[in-house]
1. So A:Gly399 clears everything in (1) at pLDDT 95 or above; (2) closer than 30 Å to A:Gly223 by Cα except one condition, right? Which one?
2. Which one is nearest to C:Phe246 (Cα to Cα), of the residues in segment C:103-135 that are within 22 Å of the chain's Cα centre (by Cα) and of a type in the set (Val, Ile, Thr)?
3. What tally of residues in segment C:272-295 results from selecting those that are within 8 Å of chain A (Cβ to nearest Cβ) and polar (S, T, N, Q)?
4. For segment C:348-377, which residues satisfy the criterion of being farther than 30 Å from C:Ser207 by Cβ and within 32 Å of the chain's Cα centre (by Cα)?
5. Cβ-Cβ below 7 Å, separation at least six or inter-chain, first residue in segment A:352-380 and more than 13 Å from A:Phe198 (Cα to Cα) and touching a residue at least 24 places away in the same chain (Cβ under 8 Å), second among the β-branched types (Val, Ile, Thr) and surrounded by fewer than 22 Cβ atoms within 10 Å (Cβ to Cβ): which pairs?
6. Before we move on, is B:Asp437 surrounded by fewer than 22 Cβ atoms within 10 Å (Cβ to Cβ), over 13 Å from B:Val157 (Cα atoms) and at pLDDT below 95?
7. Quick one: is C:Pro244 crowded, with 24+ Cβ neighbours inside 10 Å and closer than 26 Å to A:Leu109 by Cα?
Amino acid sequence: MGSCCERMGPQKNTYVRVSLPAVCFVWQIAMIILFGVFIRYDEESSATWPEYRDKKNLTDIENDFYFRYPSFQDVHVMIFVGFGFLMTFLKRYCYGGAGFTFLIASFGLQWALLMQGWFHSLDLTTGKISIGVESLINADFCCAGSLIAFGALLGKVSPVQLMVVTLFGVTLFAVEEYIILDLLHCRDAGGSMVIHCFGGYYGLAISWVLYRPNLHQSKRLHGSSYHSDLFAMIGTLFLWMFWPSFNSAITDHGDGQHRAAINTYIALASSVLTSFAISSMAQKKGKLDMVHVQNATLAGAVAMGTAAEFMITPYGSLIVGFCMGIISVFGYLFITPFFEKYLKLQDTCGIHNLHALPGMLGGFIGAIVAAAATEEVYSEQGLINVFDKTGVYADRDQGTQGGFQAAGTCVSIAFGLVGGALVGLILKFPIWGDPADDNCFDDEAYWELPEEDEETIPPVLEYNNHMIQKGQDITESSFSVEQS
Amino acid sequence: MGSCCERMGPQKNTYVRVSLPAVCFVWQIAMIILFGVFIRYDEESSATWPEYRDKKNLTDIENDFYFRYPSFQDVHVMIFVGFGFLMTFLKRYCYGGAGFTFLIASFGLQWALLMQGWFHSLDLTTGKISIGVESLINADFCCAGSLIAFGALLGKVSPVQLMVVTLFGVTLFAVEEYIILDLLHCRDAGGSMVIHCFGGYYGLAISWVLYRPNLHQSKRLHGSSYHSDLFAMIGTLFLWMFWPSFNSAITDHGDGQHRAAINTYIALASSVLTSFAISSMAQKKGKLDMVHVQNATLAGAVAMGTAAEFMITPYGSLIVGFCMGIISVFGYLFITPFFEKYLKLQDTCGIHNLHALPGMLGGFIGAIVAAAATEEVYSEQGLINVFDKTGVYADRDQGTQGGFQAAGTCVSIAFGLVGGALVGLILKFPIWGDPADDNCFDDEAYWELPEEDEETIPPVLEYNNHMIQKGQDITESSFSVEQS
Amino acid sequence: MGSCCERMGPQKNTYVRVSLPAVCFVWQIAMIILFGVFIRYDEESSATWPEYRDKKNLTDIENDFYFRYPSFQDVHVMIFVGFGFLMTFLKRYCYGGAGFTFLIASFGLQWALLMQGWFHSLDLTTGKISIGVESLINADFCCAGSLIAFGALLGKVSPVQLMVVTLFGVTLFAVEEYIILDLLHCRDAGGSMVIHCFGGYYGLAISWVLYRPNLHQSKRLHGSSYHSDLFAMIGTLFLWMFWPSFNSAITDHGDGQHRAAINTYIALASSVLTSFAISSMAQKKGKLDMVHVQNATLAGAVAMGTAAEFMITPYGSLIVGFCMGIISVFGYLFITPFFEKYLKLQDTCGIHNLHALPGMLGGFIGAIVAAAATEEVYSEQGLINVFDKTGVYADRDQGTQGGFQAAGTCVSIAFGLVGGALVGLILKFPIWGDPADDNCFDDEAYWELPEEDEETIPPVLEYNNHMIQKGQDITESSFSVEQS
């Protein structure tokens, strides 16, 4: 594979032997120092738990670990196997898709523990951040934003650039999350706004700045193979199955987690049917397209990220999933090509259709459902719990809450677009080892590939055996071809 | 791949561009309307939970969500990744195997929430069905019946036919489940009877009606490839690992879930050893067959579906697994070929050996274990809990219970066979877009495949490079062959 | 593929048609008898639980099942999918890697329930072993030791030999575990010592005894392919994601499980960055090596196996992960080749770098952290809980505890090396059906492979189509080559 790169003339330098280790080491050492200064176990994960438990009159099973750990593990699978394998759909960028997801999420979650800790759980008396299982979930959520952005950049950037995308992505995430959840007091359990909408527009803005006019030079690799699409289905299915856990992972104990899981489960089922339907309608022979099956089927859950914990009702969830499946496939059919042609925006995985747009719509759906909430449906205590109507927010009426939810969505879009544009400019410096236009979507650039591919051996043997059966020696056959 | 189809003369029309979207839209819209009329959150997933909790003197951790959600997620993985990937073993039907599983399970679970709701949890005063996490598990279970049937039909039907199979499959399931669990008051936590036995015979009966005398015309695709078998192992392993959750998902809180998980874990381990043993014995060089490893290893859990919650004892579980591994491999070796040759019944995945037969035997094993239950072993309260001896059933003796369990198994077989035959007749109408005999087991019929397969590129390069090394230009080489 | 074996002259006999079924049947029947004599449900999984619960004033949710079952399922996935798929990296030993893992773990867990039961939970009055969910976790742990050993032997042994490795591996494991945990009263929740260090040296000693001087004869198969490396990534990621559950599965309820999960999560993230960094530095063009990504990224969790439940602090966990990523990649770069060249030790998967060495270091890290534990950090009750300072151990000071922990590590190494050497000698008998040197790393030896590989079909068609486009019939083309 390497030879084709050399053949095609001058190219950028994908040499990351200095920059990648340097970035990894410097940032990992920084993490160690900052963790040493700031991060400690919280009351529920410290060896002092028995005293705390007895003081609060709890039992061991009421440790937050048992409320949230199963959901945490599902979210963890979504981040590493879900996102990772969803990005293996390209025929020769499977290592990059799964491997760089692994790298940047591992860095991102450390940085997220710090950034989110500073904003949300810094104890001002001791100067320490206390972490528990909920912090781990939030850190994984925070990585998701950067992984979504990776989807737009897939195959076109170096791992060093991805580390930069993640550093700034996590930082911006923590700030916009603070503004949306704390200052505006929005509810966004599954992150339609703070994760998907932000992450989507962040990635799109970066990709827009990094536009490659000659990307068609690597067109031969810009597609899937039969098996790479099947690997991607592993990612899709783990995302799809565990999304109820994603949307319910940090909602209220009891009914909050229960309801968010049910709503997401129902919305996802509905998305699948409309995605398949539109996918089949769009092709002239009625054949299904794996791109739609892999992505649009998930759009319902993205759009339920805000509203899942509300009393949106089961049929409300069905309607959301129904519309999102349709919108998302339309996005793949029309919006992505439009973006590429007219906006000069190359979106490898189509994150606009799976994250940015459904996330934005999910924010507004959340606003509407919040505005429509009544004490009759939620009960008095229920309304207080679900919308966290405590302290200065006790008297905020539901219409106002809806307005703030909508404002929060706009904040996330703004952060994504502006932040992404700035990060894109940083990534334009010619020091990051990104591939040339004719070398994109190719694992060859950053990975040692197996010298002789399995796929190449059997056919040759087959070919030769075929010859042998017809009474000829391998060498002779080759030779005769030469001489003929 | 497409060219071969055209070469082989006249064929059925696999055009589903109208019918598939039509079915998806009509049924999805029907679901929205019916959900709107009937489905509501239950007490534990509604925002009114705090009031209910305090009234019942519970704590948040006693919400049913925390008892069942981890098991639900495991079951969910079994349905979508387990069943889905188990059906990717064919070399060119991987998209169909995983993709259609995704489609029909997503529809099936919605319809199941309604059907099971009407039969089991319709509140006659309000006319509403209340759903919670246990409803989601039951809906997934209900889909399993139709997915089992899909196994017998794999590669020979259109997605529209599969939607019909699922519509009727879920309907029949809900009725036979109502008869078996409610009218006969049988116990069947893991569904040996209601899921596996019913689903297996349902699929076999459909396949029998849809017999294709010329199926040998697609023999070239009726086998596995090295990698497709490995993808199928992903399905097998997730089914195998999570089956303890399947059998324990809806059993009693406390010991019921605990015991069902242990029994299933043990039975599965035992199945693996005997499956490997018989598989090796059956081949003249002692080599193992992936078909047996992928399927027969699971038979022990199918047969424990009824008895897992009983006090069958750990060694009893081992014995069940031991026998099922043997019986299932024998089924693949002798019964499936016999069925195909003499009964004109084509069973693509061998569901008879993995579901129908072990499910039926599991029903009878459950009957025997139930009949043998004594107060000495179970304790008085234990016996009441395990067999739900309340109300009019308080005085039913264990022998009678065993008799009813056996009767329940017969009901499930009858529903499967009769229902399947009728659905098979419906599917014979020439309107469903099913593939021609020479076009079976081929994703080409319903999926847009990658234009140029990855597997095809490297070998050609390899071949050409080989030539080049011998001092010849590619074009010349090709040319010379032409001219020779 | 088979033809190449015949070509290469005399070979060992891989005929296991008698021995493999014999071993499976004899051992499975022995299991049934021993389970019948010894194994019973414990108080929490028996139908008598309601009485026990009420007597102890518990609620259903306090059944141990709800504390440990989610972790158990994660561990179960690690054993079967994690270890199984990690071993599919060889291009033509994927069936063996995943399939034999399935076989030996299924046998091993049964034997482990008995062996660990006899040593840890045999009731001397009744002569019975009581099992519950914690027993299942421990049985899975016990299998891990033998699966690690399998990693060193991958591709070079027969399934019958692997059954022997597992029989003795589980036996030795139970004995050394009894010595380390009970007699020395060490703490080792995630098994740095008892699982990884023992399993690693056990496998290395066996592999050393079974040294094959002519293994280079199967060099053509001793590598990965593009897709086999991607299958292995499935294994890596499931191990990586679920390792927090592995290290926390059997720790104390409440803070013990909570803290062990957090520490492992953090250590793993840190390992990833340093593994990538060193992998890139080591290659002259800075390219990443999949071997390092698949293995070294996990080393941090292995080394946290003992210390994860201690108050090692979050930054302590980061430091452990940081160092282990570096050490493990160095192991792959320098130690494994050194072992092969100078010690005549062939370690297929490099288990020395992933398990033996990090496990040993983890044992010593645990010793240091234990020795440094103070009442100030742990609180009085915390120190008693974490180090189980009850009975005769109530007054053991922390320095002494550290000394015993270090001694425990040495015991595990000794058991591994001596036990492995003895088992290696047993495996040298020429009765086990192991493959010849030129037949290693080849599924052909023990598996029926698909007759005509998918990979072989498209290229031939491609080749022929190519010809056809140039105006020639397939048969003519072949013929002309023959005649030329």
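The values are calculated or read from the model by the stated rules, or taken from the named source; none is laboratory data. Keep in mind that this is a model prediction, so the values were computed, not measured. Here the Cβ positions follow ideal geometry from the backbone for every residue, glycine too, while neighbour counts run over all protein chains shown.
1. (2)
2. Per the stated criteria, the residue is C:Val133.
3. Initially, segment C:272-295 is screened for residues within 8 Å of chain A (Cβ to nearest Cβ), giving C:272-274, C:276-278, C:280-281, C:283-290, C:293.
Remaining after also requiring polar (S, T, N, Q): C:274, C:280, C:283.
Residues in segment C:272-295 being within 8 Å of chain A (Cβ to nearest Cβ) and polar (S, T, N, Q): 3 in total.
4. Going residue by residue through segment C:348-377, those that are farther than 30 Å from C:Ser207 by Cβ are C:368-377.
Within segment C:348-377, C:Ile368, C:Val369, C:Ala370, C:Ala371, C:Ala372, C:Ala373 meet the criteria.
5. A:Asn353/A:Ile335; A:Asn353/A:Thr336
6. Details: surrounded by fewer than 22 Cβ atoms within 10 Å (Cβ to Cβ): yes; over 13 Å from B:Val157 (Cα atoms): no; at pLDDT below 95: yes.
For B:Asp437, the condition - surrounded by fewer than 22 Cβ atoms within 10 Å (Cβ to Cβ), over 13 Å from B:Val157 (Cα atoms) and at pLDDT below 95 - is not met.
7. On the way: crowded, with 24+ Cβ neighbours inside 10 Å: yes; closer than 26 Å to A:Leu109 by Cα: yes.
Answer is yes for this residue.
Residues are listed down the side, and each one gets a yes or a no for (1) charged (D, E, K, R); (2) crowded, with 23+ Cβ neighbours inside 10 Å:
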position: B:Leu109; (1), (2): no, yes
position: B:His120; (1), (2): no, no
position: B:Lys128; (1), (2): yes, no
position: B:Cys143; (1), (2): no, yes
position: B:Phe150; (1), (2): no, yes
position: B:Leu153; (1), (2): no, yes
position: B:Phe173; (1), (2): no, yes
position: B:Ile180; (1), (2): no, yes
